[in-house]
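Novice: The structure that follows is given in the form of structure tokens.
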Amino acid sequence: MKRDLLTILDLSREEIKALLQRAVELKGLHRQGQNPHPLAGKTLAMIFDKPSTRTRVSFEAGMAQLGGTSIYLAPGQTQLDRGEPISDTARVLSRYVDAVVIRTFAQKTVEDLARHSSIPIINGLTDTHHPCQVLSDLLTIQERFGTVEGLKVAWVGDGNNMANSWVTAALHMDFALYLACPQGYGPDGDLLHDAQKQGRHIYLGHDPHWAVQDAHVINTDVWASMGQEAEAAARKEVFKPYQVNAELMKLALPQAIVLHCLPAHRGEEITSEVLDGPQSAAWDQAENRLHLQKALLEWLLK
């Protein structure tokens with residue numbers, strides 16, 4: 001039976017742990033120049049409706065390092081832009097390639113693609129979820145602390161697709177998640193309600209100081225995501241108190257790390273002093289996209 005990754009909820013706790021462990025192994029092999037080729041002869045199609053640096057390059061490079069190939073399909077390069085139903089595209093691609101990663105707007109588009117495909121579908125980002133990024137973030141945290149479990153993770157800023165994916169991760173992994181978002185800018189309400197109903201350690205507040213106090217991990221993202229450019233000026237005013245800066249970092253544990261999925265708007269959601277400082281793990285975090293996605297591709301396709 002084929003498997004998809006549409007949200008982190010598609011994985012079990014044991015599967016997440018196995019992916020993290022395999023990513024560690026693949027990263028070690030890569031640094032020794034010993035990339036295995038379990039996906040020789042396999043092809044990954046990449047449907048990207050949104051611009052990308054890290055997602056595109058990490059998937060293309062990862063597929064190549066595993067011995068496979070990839071086909072990049074930008075906006076305007078497929079019949080989807082001329083009205084072909086996603087179901088028809090799904091059926092055709094299922095006969096050409098071995099898996100698809102899609103980076104688009106609506107979560108329903110990814111779900112429809114998966115429903116009509118006979119091959120694995122990977123969510124490379126939607127407006128609602130960004131599972132590959134948060135799985136890579138878990139890998140980064142594990143590298144720094146030896147484990148994810150028992151830690152306090154703070155989210156500061158917009159309750160966007162990243163915040164939603166952190167909620168889904170907290171449903172499976174035993175860490176405490178504190179989300180500090182402005183009133184009206186929290187994560188998906190139904191998702192948060194279901195998570196809290198299950199008794200997980202997931203808390204939503206409006207004070208960034210409360211969220212960051214004694215935290216092991218401080219996480220943030222841009223205040224206006226792709227598609228929200230028209231709201232950028234208004235959002236800057238709302239989110240000013242949510243900047244991750246040196247003063248806010250003093251509330252966290254001395255060994256705390258800072259994560260940002262990038263690209264960063266320096267001087268807005270995070271200062272250059274913090275992003276380039278000794279507590280920043282953003283560059284390891286970006287690198288780990290490659291190795292986690294290699295583990296994911298190998299698991300789905302091998």
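Novice: Please specify each residue of the stretch 263-294 satisfying the condition of being farther than 19 Å from Pro241 by Cβ and not in a helix (DSSP H, G or I).
Specialist: Pro263, Asp276, Gly277, Pro278, Gln279, Ser280, Ala281
Novice: Right, next: Do you know which of the residues in the stretch 120-140 that are among the aliphatic types (A, V, I, L, M) and in contact with a Leu (Cβ under 7 Å, 6 or more places away or on another chain) is surrounded by the most Cβ atoms within 10 Å (Cβ to Cβ)?
Specialist: For the stretch 120-140, the residue satisfying everything is Ile121.
Novice: Do you know which residues across the stretch 174-190 are under 17 Å from the mean Cα position of the chain (by Cα) and surrounded by fewer than 21 Cβ atoms within 10 Å (Cβ to Cβ)?
Specialist: Hit for the stretch 174-190 is Asp188, nothing else.
Novice: Hey, could you check the stretch 45-70 for residues that are of a type in the set (Gly, Ala, Ser) and within 17 Å of the chain's Cα centre (by Cα) and say which is surrounded by the most Cβ atoms within 10 Å (Cβ to Cβ)?
Specialist: This residue is Gly62.
Novice: Mind checking whether some residue in the stretch 97-112 is closer than 30 Å to Gly189 by Cβ, assigned by TED's automatic domain parsing to the domain that holds Arg13, touching a Phe, Trp or Tyr at 6+ places or on another chain (Cβ under 7 Å) and part of a loop (DSSP other than H, G, I, E, B)?
Specialist: Taking every residue of the stretch 97-112 in turn, none turns out to be closer than 30 Å to Gly189 by Cβ, assigned by TED's automatic domain parsing to the domain that holds Arg13, touching a Phe, Trp or Tyr at 6+ places or on another chain (Cβ under 7 Å) and part of a loop (DSSP other than H, G, I, E, B).
Novice: Limited to the stretch 225-241, what total is found for residues that are under 21 Å from the mean Cα position of the chain (by Cα) and either within 20 Å of Gln285 (Cβ to Cβ) or touching a residue at least 40 places away in the same chain (Cβ under 8 Å) (or both)?
Specialist: 3
Novice: Can you go through Arg22, Arg3, Arg13 and tell me which one is in contact (Cβ under 8 Å) with a residue 40 or more places away in the chain, more than 13 Å from Ala295 (Cβ to Cβ) and touching an Asp or Glu at 6+ places or on another chain (Cβ under 8 Å)?
Specialist: After ruling out the rest, the residue left standing is Arg3.
Novice: Does any residue of the stretch 248-261 turn out to be farther than 24 Å from Val148 by Cβ, outside the structural domain of Ala106 (by TED's automatic domain parsing), loosely packed, with under 13 Cβ neighbours inside 10 Å and in contact (Cβ under 8 Å) with a residue 24 or more places away in the chain?
Specialist: No, the stretch 248-261 contains no residue that is farther than 24 Å from Val148 by Cβ, outside the structural domain of Ala106 (by TED's automatic domain parsing), loosely packed, with under 13 Cβ neighbours inside 10 Å and in contact (Cβ under 8 Å) with a residue 24 or more places away in the chain.
Novice: Among the candidates Leu259, Leu253, Leu248, Leu297, single out the residue that is closer than 30 Å to Pro36 by Cα and either over 20 Å from the mean Cα position of the chain (by Cα) or part of a strand (DSSP E or B) (or both).
Specialist: Leu259
Novice: To continue, here is another question. So which helices (runs of 4 or more DSSP H) stay within the stretch 119-217 end to end and still have 1 or more residues that are outside the structural domain of Leu93 (by TED's automatic domain parsing) and among the hydroxyl-bearing types (Ser, Thr, Tyr)?
Specialist: Once the helices (runs of 4 or more DSSP H) in the stretch 119-217 are filtered for at least 1 residues that are outside the structural domain of Leu93 (by TED's automatic domain parsing) and among the hydroxyl-bearing types (Ser, Thr, Tyr), what remains is 131-145, 161-172.
Novice: Let me spell it out: the conditions are (1) assigned to a loop (DSSP other than H, G, I, E, B); (2) at pLDDT 95 or above; (3) of a type outside the set (Lys, Arg), and Pro51 meets all of them except one. Which number is the exception?
Specialist: It fails just one condition, (2).
Novice: Would you be able to tell me the number of residues in the stretch 103-128 that are more than 16 Å from the chain's Cα centre (by Cα) and of a type in the set (Gly, Ala, Ser)?
Specialist: 3
Novice: Which condition from (1) assigned by TED's automatic domain parsing to the domain that holds Leu26; (2) at pLDDT below 95 is the one that Lys294 breaks?
Specialist: It is condition (2) that Lys294 fails.
The values are calculated or read from the model by the stated rules, or taken from the named source; none is laboratory data. Because the structure is predicted, anything quoted here is derived from the model rather than measured. With ideal geometry, Cβ positions are generated from the backbone for all residues, glycine too; neighbour counts draw on all protein chains shown.
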